[in-house]
Amino acid sequence: RDKTVKVWELLTGDLVRTFTGHRKNAYSVDISPDNKFIVSGAKTALDKSIKVWELKTGNIVCNFKGHEKRIKSVGFTPNGKFIVSGALDKTIRVWNIEDQKLEYMLNDNKFIKSVSISPDGNYILTGSSQVKIWNFNDKSMVHSFNCRYFVGSAVFSPDGKFFASSFQDKSLRIW
């Protein structure tokens, strides 16, 4: 609740760096594939920003704004060129890091609670009261799976052949 994002050394447990800049708590974080950047999405209605920091210096290199409600999930694409975010405004947004702008937005009719990008970068997986797969390139919805409970998290396997999702009822499903 201190409005920071922290990076810890895995083996020693030592604090490596503290990132400041959000007005309220960050809810979701990811580290770029090249380990140069960290992204975070703010959880509260007062701070609906996505911040990208340089991991070495702690400097903010991008500050994306556009979501109208709480950001629930952020993630880098495998090539590190884009960030995908999902929020309670029922949108999935793709941000271009180099150009520092919104690349495109997908509208859904559900609160987005989780986003994941396939290892090949061709698909976006979203979780809400449904699990959906979107084509990253042509922006179409490829498939939708109905769920009994809200999705807490959904993620592709490292080989991209299946995905897993967790639900509010504390269950886990492999698809």
Quick one: PHE37 ticks every box in (1) over 20 Å from PHE82 (Cβ atoms); (2) touching a residue at least 60 places away in the same chain (Cβ under 8 Å); (3) not acidic (Asp, Glu) except a single one, so which number is it?
-> (1)
Odd one out for LYS43, checked against (1) within 24 Å of GLU98 (Cα to Cα); (2) modelled with pLDDT under 90 = (1)
Out of all the residues in region 69-106, which are at pLDDT below 95, open to solvent by 20 Å² or more (accessible area, probe 1.4 Å) and assigned to a strand (DSSP E or B)?
-> LYS72
Could you please find all residues in region 49-63 being farther than 12 Å from ILE38 by Cβ and open to solvent by 10 Å² or more (accessible area, probe 1.4 Å)?
-> ASN63
Search region 38-48 for residues being of a type in the set (Val, Ile, Thr) and closer than 23 Å to VAL16 by Cα, and hand back the single one that is surrounded by the most Cβ atoms within 10 Å (Cβ to Cβ).
-> VAL39
Can you find a residue in region 26-49 that is in contact with a strand residue (DSSP E or B) (Cβ under 9 Å, 6 or more places away or on another chain), within 24 Å of ASN79 (Cα to Cα), among the hydroxyl-bearing types (Ser, Thr, Tyr) and part of a loop (DSSP other than H, G, I, E, B)?
-> yes
Looking at region 128-149, is at least one residue among the basic types (Lys, Arg), within 25 Å of SER32 (Cα to Cα), modelled with pLDDT of 95 or more and not in a strand (DSSP E or B)?
-> yes
Filtered residues of region 150-175 (kept if surrounded by 13 or more Cβ atoms within 10 Å (Cβ to Cβ), modelled with pLDDT of 95 or more and not small (Gly, Ala, Ser)) | VAL155, PHE156, PHE163
Taking first residues from region 141-170 that are in contact (Cβ under 8 Å) with a residue 60 or more places away in the chain and second residues anywhere that are outside any loop (DSSP other than H, G, I, E, B) and open to solvent by 80 Å² or more (accessible area, probe 1.4 Å), the pairs with Cβ under 7 Å that are 6 or more apart or on different chains are none
Expected single match for touching an Asp or Glu at 6+ places or on another chain (Cβ under 6 Å) and more than 21 Å from LEU125 (Cα to Cα) among VAL16, VAL7 is VAL16
Starting from region 64-92, take each residue that is under 19 Å from SER118 (Cα atoms) and list its partners that are of a type in the set (A, V, I, L, M) and open to solvent by 60 Å² or more (accessible area, probe 1.4 Å), counting only C-beta distances under 6 angstrom and pairs at least six apart or across chains.
-> THR91/MET105
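The values are calculated or read from the model by the stated rules, or taken from the named source; none is laboratory data. This structure is a prediction, so every number in the text was calculated from the model and none was measured. With ideal geometry, Cβ positions are generated from the backbone for all residues, glycine too; neighbour counts draw on all protein chains shown. What goes into the accessible areas is simple: the full protein's heavy atoms, side chains included, and nothing from ligands, DNA or RNA. Shrake-Rupley method; radii C 1.70, N 1.55, O 1.52, S 1.80 Å.
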